[in-house]
Amino acid sequence: MYNRFISLACLAALAAVVGAAPAAADSKNGKKIYDAKCSMCHAKDGKGNAAMAKMFQLPSGALSLVSTEAQALPAGDFTKITQDGKGKMPAFKDKLQDTDFTDISAYVRAMAKTSAKPAESPTAKAYAAKCASCHGKNGKGNAALAKGLQIEPASLDLTAPSTAAKNDAELTAVMLKGSGKMPAYEGKLSAPEIADLIRYTQSLAAPKPEAKPAAAQ
Ligand code: HEC
Ligand code: HEC
């Protein structure tokens, strides 16, 4: 009788613990299901399987679930898309249990947090080290420095239409020979490095391929 009381008490305590956090998602279960059912398309790290995106004829970032755009998706929409599918994305409504969807969503959010700071490419690093002091980290120009150099802030803006209007040869010439207060990089940077840096500055100017249209921001 006494023993039975103990085990009942234990059960009650256990139920209290389990029941105490009904909303807490089980990220471990989320990982198990994600790895088995989602990773072939969305990649193990959530960044999207590039080969799969190509096959679906989607932009390479389209399958990322950890991009800023994908993370802007409200949790309810994440679950709804996972349940009902979307375009080439299969529906999982009948294949998983209700709680699984919350668990996957929690797991993907956790992955997004750890990958929030993507490893910088060598070109991004070179830009940050050699160009950002004048042109700004975002390419829009360092206003304080323009004042110091007594030049128009706009002349440091590499995202301006006036820069976009120039072709690669013209921009390469500025980088090689310098122009005004812009230093010459001939002999300091290789031709491929210059080409990469120009492409990088152009990417700062261009809207991100996976970004929503400006009107939606
Ligand atoms: C066969 C490949 C495939 C599998 C497997 C797959 N997906 Fe997808 N998923 C896609 C494609 C393709 C898209 C893009 C759909 C579109 O926008 O047309 C997508 C889009 C999504 C989106 C919307 C992202 C956004 O930013 O709008 C979510 C959320 C998502 N998938 C979650 C999952 C989850 C969770 C699983 C596993 C349970 C999963 N997917 C399994 C192919 C897949
Ligand atoms: C000391 C400040 C300074 C640094 C460092 C600097 N720039 Fe410049 N850059 C300028 C200025 C000033 C101009 C505008 C020159 C002009 O108007 O004649 C300019 C112009 C340019 C242009 C031409 C823009 C146009 O529309 O004609 C490009 C491209 C460019 N810079 C890229 C770079 C890159 C890439 C780096 C790093 C490797 C870099 N700059 C480093 C000051 C700098």
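So that you can scan it fast, the table gives a plain yes or no per residue for (1) of a type in the set (Gly, Ala, Ser); (2) in contact with a Cys (Cβ under 9 Å, 6 or more places away or on another chain); (3) more than 30 Å from residue 82 (Cβ to Cβ):
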position	(1), (2), (3)
106	yes, no, no
111	no, no, no
123	no, no, yes
148	yes, no, yes
165	yes, no, yes
Discussion item. When the residues of segment 83-98 are narrowed to those that are touching a residue at least 40 places away in the same chain (Cβ under 8 Å) and either surrounded by 13 or more Cβ atoms within 10 Å (Cβ to Cβ) or within 16 Å of ligand 2 (Cβ to nearest atom) (or both), which ends up nearest to residue 47 (Cα to Cα)?
Written reply: 89
Discussion item. Checking residue 147 against (1) touching a Pro at 6+ places or on another chain (Cβ under 9 Å); (2) more than 30 Å from residue 182 (Cβ to Cβ); (3) part of a helix (DSSP H, G or I), only one condition comes out false. Which one?
Written reply: (2)
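Criterion first (more than 20 Å from the chain's Cα centre (by Cα) and of a type in the set (Ser, Thr, Tyr)) does residue 102 satisfy it? Walk me through it before giving the result.
Numbers: more than 20 Å from the chain's Cα centre (by Cα): yes; of a type in the set (Ser, Thr, Tyr): yes.
So residue 102 passes the test.
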Worksheet item: So which pairs qualify, if the first residue must be in segment 136-154 and touching a residue at least 60 places away in the same chain (Cβ under 8 Å), the second must be assigned to a helix (DSSP H, G or I) and among the β-branched types (Val, Ile, Thr), the Cβ gap must be under 7 Å, and the two must be at least 6 apart or on different chains?
Response: 139/201
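Quick check on this structure: which one of 127, 107 is of a type in the set (Phe, Trp, Tyr) and within 16 Å of ligand 2 (Cβ to nearest atom)? It would help to see each step written out before you state the result.
Details: 107 fails: within 16 Å of ligand 2 (Cβ to nearest atom).
Matching residue, one of 127, 107: 127.
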Worksheet item: residue 129 passes all but one of (1) part of a helix (DSSP H, G or I); (2) surrounded by fewer than 13 Cβ atoms within 10 Å (Cβ to Cβ); (3) within 16 Å of ligand 1 (Cβ to nearest atom); which number fails?
Response: (3)
Practice prompt. Scan 159, 102 and give me the residue that is assigned to a loop (DSSP other than H, G, I, E, B) and touching a residue at least 40 places away in the same chain (Cβ under 8 Å).
Written response: 159
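Rule-based calculations on the coordinates, nothing more; no lab input. Because the structure is predicted, anything quoted here is derived from the model rather than measured. So basically every Cβ, Gly included, is an ideal-geometry build from the backbone, and we count neighbours across all protein chains shown.
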